[in-house]
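The values are calculated or read from the model by the stated rules, or taken from the named source; none is laboratory data. No experiment lies behind these values; they were computed from the predicted model shown. Neighbour counts run over all protein chains shown; Cβ positions are idealised from the backbone, glycine included. Heavy atoms of the whole protein, side chains included, go into the accessibility calculation; ligands, DNA and RNA do not. Shrake-Rupley method; radii C 1.70, N 1.55, O 1.52, S 1.80 Å.
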Amino acid sequence: MCYSTRQTRKKEALQKRLQLQSVLKNEDSDLELIYYHANGWSHPIMWIIPQEYPNHLVPAMWGLLPAREKQADYKEYFKNPKTFGGLNAKSEKLFDHFIYRYSWVQRRCVIPIDGFFEPHNTKVKVKGKDYKVPFYMHRTDGDPLYLAGIYTYTADERWTFTVLTKAATPKFAEVHNDKKRRPVLIAEDDIDAWLHDGNTASDVQHVLEDDLWEGELSMHPVTKDLYSRTVDSNYETNIEKMDYPEVKIAY
């Protein structure tokens with residue numbers, strides 16, 4: 001799954017790299033959305049590139065809401081654990097689940113990030129509990145990553161999104177070894193293909209299956225501050241490599 005990310009590039013840098021225009025006219029043109037640790041459970045506002053406006057960066061809240069709901073009421077909405085939507089959506093259900101089956105047609109998006117964090121279960125017991133360690137995953141060459149997502153436009157004219165996930169490939173499965181999932185990562189050359197208006201279900205499925213090769217990524221364990229309820233983990237050095245004797249996998 002993907003519940004924590006990092007995005008430290010300024011808007012201008014993202015626009016230049018992806019040849020995007022400025023944010024939409026009704027949005028704050030001075031807005032910057034920079035996170036050393038974007039914790040999905042706090043529902044941060046992040047940049048997305050939506051299918052409807054593929055040449056724009058648009059600020060959207062992480063946590064999919066139904067179009068009939070108001071984004072301003074998200075805290076109350078997510079208090080109910082049985083509500084639909086959330087931080088992640090299984091790509092395997094994109095075409096037939098009653099929640100998502102229409103989103104794939106005209107509500108696909110890309111979320112640009114530096115990298116993301118996943119939990120690794122060392123299977124070592126500490127005080128009777130499994131000892132879990134966060135890993136940071138990023139492109140080896142330092143280029144951005146692009147999460148595949150779907151989005152909604154809410155009743156109060158705001159954007160919300162969720163990240164699409166798939167079964168973990170081998171490298172991911174070693175790290176995210178409990179649920180064995182991974183986010184769908186769109187290769188930069190495939191962004192236009194993912195956002196193309198005329199895509200058939202087969203076209204969309206092909207991009208989902210043939211996403212970024214995991215060999216392009218590096219990963220290493222980082223500070224457990226990311227799991228703390230008392231420490232603000234949104235600091236620059238939270239991706240420095242940490243050594244834990246409990247971690248037995250190669251990285």
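Here are a few things to note about the model shown:
- Label-to-label distance, D156 versus F98, with points set 7 angstrom from Cα along the beta-carbon direction: 2.7 nm.
- Computed extension gain for I34 through R68, at 0.36 nm per residue and net of the alpha carbon distance, reaches 9.4 nm.
- Highest-first arrangement of 44-55, 168-179, where packing means the average Cβ count within 10 Å: 44-55, 168-179
- Three-way shape call for the stretch 3-78 based on the alpha-carbon gyration tensor, with the a/c threshold at 1.5: oblate
- Once the chain from Q205 to E246 is taken as fully extended at 0.36 nm per residue, the excess over their C-alpha distance is 10.9 nm.
- Heavy-atom accessible area for M242, with the other protein chains in place and a 1.4 Å probe, reaches approximately 80 Å².
- Once backbone amide H atoms are built at 1.01 Å from N, I48 has V58, A60 as its partners under 5 Å, excluding neighbours fewer than 5 places away on the same chain.
- Taking the accessible area of the stretch 100-251, probe 1.4 Å, and keeping the other protein chains in place, the carbon and sulfur fraction comes to 48%.
- Note on exposure: F95, F161 ranked by accessible area (1.4 Å probe, complete protein assembly) read F95, F161, with the most exposed listed first.
- Probing with 1.4 Å while keeping every protein chain in the model, the per residue accessible area of the stretch 130-229 equals 42 Å².
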